[in-house]
Structure formats: C-alpha cells, structure tokens
Amino acid sequence: MAITTGRVLLEARGVTKYYERAKHPILVLDHIDLAVEEGTFVALLGPSGSGKSTLLRILSGLSAPTEGQVRLGDQPLEGVNPQVAMVFQTFALFPWLTVLQNVELGLEAAGLPSKVRRDRSIAAIDLIGLDGFENAYPKELSGGMRQRVGIARALVVEPQILMMDEPFSALDVLTAANLRDELLDLWLGKKVPMKAIVLVTHNIDEAVSMADRIVVLGRDPGRVHSDVRVTLPHPRDLKSEAAQQLVDDIYRVLTQPQAPAIQVPPVERYQSLPHVRIDSLNGLVELVQDRGGREDIFEIGRELQMEIDDLLPLVEAAQMLELARVEEGDIELTPVGERLAEGDIQQDKELFREQLTQHIQLIQDIMRRLEQKPEDRLDWEDLHDELQQHFSADEAADQLETAIDWGRYAELFAYDEDSRAFYLEPEPTD
Ligand code: ADP
Ligand code: MG
C-alpha cells in the first residue's frame, strides 16, 4: 500500500540486496519500494536482522543495492548521498578531539572558511543543548551527551534528510526519553533545517511516539510488511486508546510475520484551495461566456496578459466549483458556469453558496462546526492547528484566507478579524 503526500525527496525503487555468505548469497532486502516525502518523519521498524540498517545505508549511498535503484529528487543516486547526514547508535566520536572539534569535523569536507565552520558548529552545539561542553572530551561526557554530539555533527551540515540508526538504543531509559522529546521539539518547532527524518528502530513505542509514518519491515527476507500513517496529534499520549491500538497492531505484525498487513484507512488528501479571489473567478467565467462558452486556455492567457502560473489557479478553482471543465487545453463552462455568467449579483451569491457548500471541504468543515455548536466560538487558531495536519503553517494560513474570502462573498459565514473568530451570518431580518 503506497501512501503519499508531499514532494518525494528520496526514493528506493525495487531495492534488493544480497550479501555473500559462505557459499550462498543471502537475500536481505527483497524489492523494497519506499518514498521519503518532504515534511515527514519516517520510522523504519523491524526485528533485528530484518535489513533496517542495510536499507538506511543504501538510501544514504554508503552501500549499493544489488538490484534496483535509489533516486534523489528526479535523478538516480550515484555515490554517497549529499543530502543526508547520519546518526549512529554508537556515537563514533574521536576521543582525542573536543566536542567542538568533533562537530566541526562534520564540515571538514564542505571547504568552508574556518570562521564559518566554527560559528555553525557552535550554533549546532547550542541547539542540541551542549553549550558549556564545547571544550570537553568525549570521555568526560555521559552517553546522552555523547549522542548529542553525534546529532550536532549531523545537524551542522544542514542535511535535507536526517537519518538515524537506533540512536537512542544505547542510552538508559530516562536519557533516551529526554533526548527523543528534545529532538521532536526541534523537528516539530521547525528549528532544524532538514525536510525529513528517517529513524531506524526496533522499539515500537519509540516509533509510535515520534513518527508520522511507520514502515514495518518483515523478516525472511526483508520486505515492507505494513506502511502506516500515524496521525495522532503531538504531544502524543502513548496510553491513549488510539496509540495503544496502533502499538498492539504493530506488535502483532512483528511477532507474527504471517499476519495480514495493518489496515489503515487510506489517507485522503485534504483538498487544497487555489488562492484566487472570487471577482477574478467571476471575470474568467464571463470572459469564457463571451467566447461562446468555450475557449483555449492559452488564448485567454495571451489576451489577459496573464502568466500561465497565474491563470491556472483560476481554472483550477473554476473546475473545483464545477463552473467549468477542461478538455484538450480548452476551458468550457458548465450549465452552472453559464448561469453564473448571466446572473445578477444576488443570483451569483446564491449560486456560489450552493457550489461552495457542495464542493469545498474546508467550507463544509467550517459550516458544520458553526451549525452544530452555534453558541461556541470557532477560532481561527483552532482551524489553523488542525489544518497543519495537511499543510505547512504558512499554507494553512493561506488556505484559511481563501476560504474566508469565498465564504464571506457567498455570505455563508462571517469572520471577525479582531477576535479572529468565525460566526454564522445573522439571519436576514425583514
Ligand atoms: P537490522 O539493522 O534490521 O538489524 P541489518 O541490515 O544490519 O539488519 O542486517 C540484515 C541481515 O544482513 C543480517 O542477517 C545480517 O547478518 C546481514 N548483514 C548485514 N551486513 C552484512 C555484511 N556486510 N555482510 C554480510 N551480511 C551482512
Ligand atoms: Mg541495524
């Protein structure tokens, strides 16, 4: 089952790996397909020997697949993956170098001036809570502090993807919990530069408490057994019923490799509104009507002197609202679109009300909540938080801005800028 949301940063396609052992090669990974998407925290979970580390090494270009391919963006990966930084279970620090020197080593290959290297290293050290330890040697540090050095050394190169192979397994329980929380804080608070994290772990709780997606590798030979999207909000309560259910499901899969894959309802993509104003949309519909109800989109762009990038969102909005269809590069009005082109302003509003409530998910959500609990405030902040399950913070704000513009025009609801609250339009009094 393939689950996709964001842009694919890194992808394994049909990755198969054999290791030579004694006389017979052993199959460790069997046709693994895995796409790492922007904005996701992926956990690779599996029993010891299921090929997790092997897959991570192949994705990072440290080892080559026997068959299949790794793709970085739209290119096949050749050699070491420049977008990846790795954190290992054993901290692999140089005992004769200080914390600062160990971190700076991460930048050695980058050919940066020493001042820049130093500044960036100090920033990474501060970020991960190691300030004050710059000049300490590894032997003076606890395990948790040593792993922080390992993480700082990875962060300092500002990787697109942070990969971690059982980074908390060598730590005591409390230290591990603390470091997990801090790392998650940095990631969720967007204080770190990477666009995705891939964490290898055999710890189910760890995967369920941190990841957006859990890819369960089965053994004999390594295949993707289940691919589960985790939508529990942060901070996660592992004792909650939903979390426990997920932990149980994964436990069952790990202990009974023949168990059927975990069934999660397919994640529907939340509809993404093109950011266009209603009057521009009206303008487009009227123009197409003037051309007899159908016109070449490219022609319209030329006539309006609009870049295609500006025109397409309008076309997309017209389709979304079923005011028009697109066929062979032409835009053609639907009967509703024709009515819109001919109506007066009140008829237009009526028509928009109808189309918005039928076709626009975010408007439906807002209306349902306002109608179910008319006495409660509906806050911009709450909607914005929820939308962040589907969009970045900025995009969530833009989505709301568009929904507010459309909903206001259609007089479906009102929005008060000062209190940042939505409410139902008062019934017209007459
Ligand atoms: P995991 O990280 O899930 O524990 P690994 O990827 O380390 O699994 O190993 C998967 C299998 O491949 C194991 O059976 C292991 O013994 C074998 N293996 C790993 N690395 C090598 C290697 N360099 N040469 C031969 N066999 C290896
Ligand atoms: Mg391993």
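Derivation of every value follows stated rules applied to the coordinates shown; laboratory data play no part. Here the structure is a predicted model, which means the values were calculated and not measured. Here the Cβ positions follow ideal geometry from the backbone for every residue, glycine too, while neighbour counts run over all protein chains shown.
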> Using the Cα gyration tensor of the stretch 44-148, with a ≥ b ≥ c the square roots of its eigenvalues, what is the shape: rounded (a/c below 1.5), prolate (a/b larger than b/c) or oblate (neither)?
Replying inline: oblate
>> As an exercise, find the ratio Rg/Rh for the stretch 265-367 from alpha-carbon atoms, using the Kirkwood inverse-distance average for Rh.
In response: 0.98
> Taking the chain as a Gaussian network, where each spring joins two C-alpha atoms under 10 Å apart, which residue of Phe88, Phe352, Phe168 fluctuates the most?
Replying inline: Phe352
> Once the piece of chain linking Glu386 and Arg408 is laid out straight, how much longer is it, given 0.36 nm per residue of separation minus the C-alpha distance between them?
Replying inline: 5.8 nm
>> For the chain, what does the helix formula give at 222 nm: sum of -39500 (n - 2.57) over DSSP H segments with n ≥ 4, over the residue count, nearest 500 deg cm²/dmol?
In response: -12500 deg cm²/dmol
> Just for the Cα atoms in the stretch 210-334, what are the lengths along the principal axes, largest first, rounded to whole Å?
Replying inline: 66, 34, 24
> Which value, in debye to the nearest 20, describes the size of the charge dipole of the chain about its Cα centre when Lys and Arg Cβ atoms bear +1, Asp and Glu Cβ atoms bear -1, and nothing else is charged?
Replying inline: 3340
> Hey, which aspartates and glutamates would be in cross-link range of Lys239, C-alpha to C-alpha under 18 Å, not counting anything within fewer than 8 residues on its own chain?
Replying inline: Asp181, Asp205, Glu206, Asp212, Asp248, Asp249
>> Report the Rg/Rh value for the chain, based on alpha-carbon coordinates and the Kirkwood definition of Rh.
In response: 1.06
> With springs only between Cα atoms under 10 Å, which of Gly329, Gly14, Gly129 fluctuates most in a Gaussian network model of the chain?
Replying inline: Gly329
